Each structure stands twice: as C-alpha cells, then as structure tokens.
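Please read the structure below before turning to the comments.
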C-alpha cells in the first residue's frame, strides 16, 4: 500500500504561502508531512509561521539556518519549537 508523504522546506517566515500549501495538502489526504527546515528566518511573518507549524502534525528536521532561527525563537518562546525538532 502506498503512503502519501509530503516534504516541505524553505518557508523563510512566509506564513501566507505556508497556509496555502497546508490547505492544498489537507485536500490530498496526506499521511505525513516532513518539514526539512529553514522555516522561520525571514522578513514576512516568522512568529505566525512558528504558530502554524506547531499547530500542525508534522516532523521537523533542522535546516541549515537553524542557529538564526533559534536566536529568533529565544526572543519569542523557545519551548514552542525545540521539543518538536529532530
């Protein structure tokens, strides 16, 4: 039996695009979402992006910009994000 798995990455704080992608994913009845990272750091809406990512069931893998993202999260609330990362 085939499983539907989606991989997302390089969101760079674009919560509007993330919402659109997750809406499309939900219509496709995907079993698993894997986020490859580089999600938060960016000029648009990093906090909104964090909230969306944490409110959706997915696996998070550390991206190459993890250090920058963690610095930002330190200002917000590191507990939101750190417990969900591999």
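So is residue 22 within 13 Å of residue 7 (Cα to Cα) and either part of a loop (DSSP other than H, G, I, E, B) or modelled with pLDDT of 85 or more (or both) or not? Yes.
To keep it simple, each residue is scored yes or no on (1) surrounded by 14 or more Cβ atoms within 10 Å (Cβ to Cβ); (2) on the phi < 0 side of the Ramachandran plot; (3) modelled with pLDDT of 95 or more.
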{"residue": "5", "(1), (2), (3)": "no, yes, no"}
{"residue": "29", "(1), (2), (3)": "no, no, no"}
{"residue": "43", "(1), (2), (3)": "no, yes, no"}
{"residue": "50", "(1), (2), (3)": "yes, yes, no"}
{"residue": "79", "(1), (2), (3)": "no, yes, no"}
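Only residues that are in a helix (DSSP H, G or I) and under 13 Å from residue 57 (Cβ atoms) were counted across region 1-19, and they come to 0.
The values are calculated or read from the model by the stated rules, or taken from the named source; none is laboratory data. None of the values given here were measured: they were computed from a predicted structure. Here the Cβ is made from the backbone with ideal geometry for all residues, glycine too, and neighbour counts use every protein chain on show.
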